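Scroll down for the structure; my scribbles are underneath it.
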Amino acid sequence: MIRFDHLAKQYPGGREAISGLDLEISAGEMVFITGHSGAGKTTLLRMIALLERPTRGQLLFDGRNMVGITGRQIAYHRRRIGMIFQDHKLLSDRSVFDNVALPLQISGCRDAELRKRVQASLDLVGLLHREKANPTHLSSGEQQRVGIARAFVRRPPVILADEPTGNLDPGLSSDIMTLFSKLNEIGMTLMIASHDLHLVRALRKRVVVLENGRLLDDIPAGQAVPDSLGKIP
């Protein structure tokens, strides 16, 4: 579904965040992206969403090269991707319901369908009873679940999550990963950048390890994650 062929990203000044990466993610996979700080995890996810553009190589999504597409093609591509961030990026002047509804409003979804989808998404994350609340009145874990509901509401085939449990305690982190597993069980492809090797080990999904923008290791689902990864800062 997603393939990188000799992909590279160089920032002004010469720093190469991703260097000659070859990687393929199949539809329906749940994959963790890990590595030291600055290894290229966030850049990799941002390139998939075309928030960053590759310097060299190819980025294929469903067989189509995304490098060089413009305008409405970018907007259409991004509608097929749900993004989840560590800092939630919720709008404090809108209710929980309105935050989740925003992607549907942008795409022109009709009111009846919008309400149905938003409430189904909030129910999935266990927050239907808080739909009228302001996000500032929610805990960090609840805010992250609102972010997941917003990413899921358009039923995109791919969800990208950048350090989604970075600010949460172990119990809440486990709850978030359980939600991700539910999304994966209904067929969504998930790529999750994470430093939390305890959770990565517990879920026994595929683990892609980056080091200085290069592929260091690619551990298949079900295979034990080596102890050496515990040294990643």
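The values are calculated or read from the model by the stated rules, or taken from the named source; none is laboratory data. Not measured: the values here are computed from a predicted model. Using ideal geometry, Cβ is built from the backbone for each residue, glycine included, and neighbour counts are taken over all protein chains shown. In case anyone asks, the SASA skips ligands and DNA or RNA and just uses the protein heavy atoms, side chains included. Shrake-Rupley method; radii C 1.70, N 1.55, O 1.52, S 1.80 Å.
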Given (1) surrounded by fewer than 16 Cβ atoms within 10 Å (Cβ to Cβ); (2) under 20 Å from I25 (Cβ atoms); (3) in contact (Cβ under 8 Å) with a residue 60 or more places away in the chain, index of the condition K205 fails | (1)
For L122, all conditions in the list (1) assigned to a loop (DSSP other than H, G, I, E, B); (2) closer than 19 Å to G82 by Cβ; (3) in contact (Cβ under 8 Å) with a residue 24 or more places away in the chain hold save one; what is the number of the exception?
-> (1)
Is it the case that some residue within the range 122-138 is of a type in the set (K, R) and farther than 27 Å from A39 by Cα?
-> yes
Hey, could you check the range 174-194 for residues that are among the β-branched types (V, I, T) and in a helix (DSSP H, G or I) and say which is farthest from the chain's Cα centre (by Cα)?
-> T178
Can you tell me which residue among H129, H198 is modelled with pLDDT of 95 or more, in contact with a helix residue (DSSP H, G or I) (Cβ under 9 Å, 6 or more places away or on another chain), more than 22 Å from M83 (Cα to Cα) and outside any loop (DSSP other than H, G, I, E, B)?
-> H129
Considering (1) open to solvent by less than 50 Å² (accessible area, probe 1.4 Å); (2) farther than 21 Å from I106 by Cα; (3) not small (G, A, S), say which one L172 fails and leave the rest.
-> (1)
